[in-house]
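The structure appears right after this line, and notes come after that.
Read-outs: derived from the displayed coordinates by stated rules, not from any lab. Predicted model, so just to flag it, every value in this text is computed and none were measured. Ideal geometry is used to build each Cβ from the backbone, glycine not excepted, and the neighbour counts take in all protein chains shown.
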Amino acid sequence: MAIVNIPDEQRRIEDAAAISGFLAQHGIDYERWTSGIDVASGASADAILAAYGDKIDELKARGGYVTADVIDVKPDTPGLDGMLARFNSEHWHDEDEVRFIVEGRGLFHIHPAQGPVFAIEVEAGDLNRVPRGTHHWFDLCADRRIRAIRLFQDPSGWTPHYTRSGVDRGFQPLCFGPAYIPH
Ligand SMILES: [Fe+2]
């Protein structure tokens with residue numbers, strides 16, 4: 001389950017209903033998904049999309065998403081640092097950022113229009129939808145592992161627009177969950 005951390009308020013939210021309620025105030029949908037089909041670690045992208053096919057179809061119908069794919073990031077992924085550098089400074093997109101985490105963990109920082117910056121640490125089973133235009137940035141946790149289903153309304157709309165506000169530099173990309181291994 002996700003963990004929401006609000007550094008400026010020294011507050012952490014770890015209860016699923018409380019997380020959904022807090023994120024909903026900022027227009028972010030948060031759900032837990034389970035599949036009736038067992039998806040083995042290392043399953044192919046097609047197997048993952050098939051296992052969650054019903055849920056993906058439901059989301060597509062709800063949000064106008066037309067395509068879904070699977071992103072697979074491991075510590076030895078070629079070009080990983082370059083890929084991460086595209087997303088770890090504050091930006092926004094012309095379309096929703098929809099991610100369902102299949103494996104691993106990740107950290108979304110959200111800089112809302114109103115209120116303090118907060119972090120959503122996501123893990124397997126977490127679905128979140130960050131609405132278009134929301135200022136945010138993304139980091140991996142220390143194990144640098146994430147596998148996620150992404151949904152797109154129009155893949156070209158997903159280009160990051162950087163704010164260059166520097167706000168991101170005031171927040172440590174710290175994960176608190178079980179996969180966090182201090183170096
Ligand atoms: Fe993004």
Look through the range 26-65, keep the residues that are touching a Phe, Trp or Tyr at 6+ places or on another chain (Cβ under 8 Å) and either farther than 22 Å from Ala2 by Cα or of a type in the set (D, E, K, R) (or both), and return whichever of them is surrounded by the most Cβ atoms within 10 Å (Cβ to Cβ). Tyr65
Which residue, of Ala85, Ala119, is closer than 22 Å to Glu9 by Cβ, away from the ligand (no atom under 11 Å from the Cβ) and not acidic (Asp, Glu)? Ala119
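Tally up the residues in the range 1-25 that are outside any helix (DSSP H, G or I) and surrounded by 15 or more Cβ atoms within 10 Å (Cβ to Cβ), please.
7
Listed here are the residues, each with its yes/no results for (1) within 18 Å of Pro75 (Cβ to Cβ); (2) of a type in the set (A, V, I, L, M); (3) in contact (Cβ under 8 Å) with a residue 24 or more places away in the chain.
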site: Glu95; (1), (2), (3): no, no, yes
site: Phe100; (1), (2), (3): no, no, yes
site: Arg105; (1), (2), (3): yes, no, yes
site: Ala119; (1), (2), (3): no, yes, yes
site: Asp126; (1), (2), (3): no, no, yes
site: Ile149; (1), (2), (3): no, yes, yes
site: Gln153; (1), (2), (3): no, no, yes
site: Ser156; (1), (2), (3): no, no, no
site: Phe176; (1), (2), (3): no, no, yes
I want to confirm something. Restricting to the range 141-166 and keeping residues that are of a type in the set (A, V, I, L, M) and more than 20 Å from Ile28 (Cα to Cα), which single residue is nearest to the ligand (Cβ to nearest atom)? Ile146
Flag for Gly27 being away from the ligand (no atom under 13 Å from the Cβ), within 14 Å of the chain's Cα centre (by Cα), touching a residue at least 12 places away in the same chain (Cβ under 8 Å) and on the phi > 0 side of the Ramachandran plot: no
For the range 62-81, does any single residue satisfy the condition of being without any contact (Cβ under 8 Å) to a residue 24 or more places away in the chain and touching a Pro at 6+ places or on another chain (Cβ under 9 Å)? no
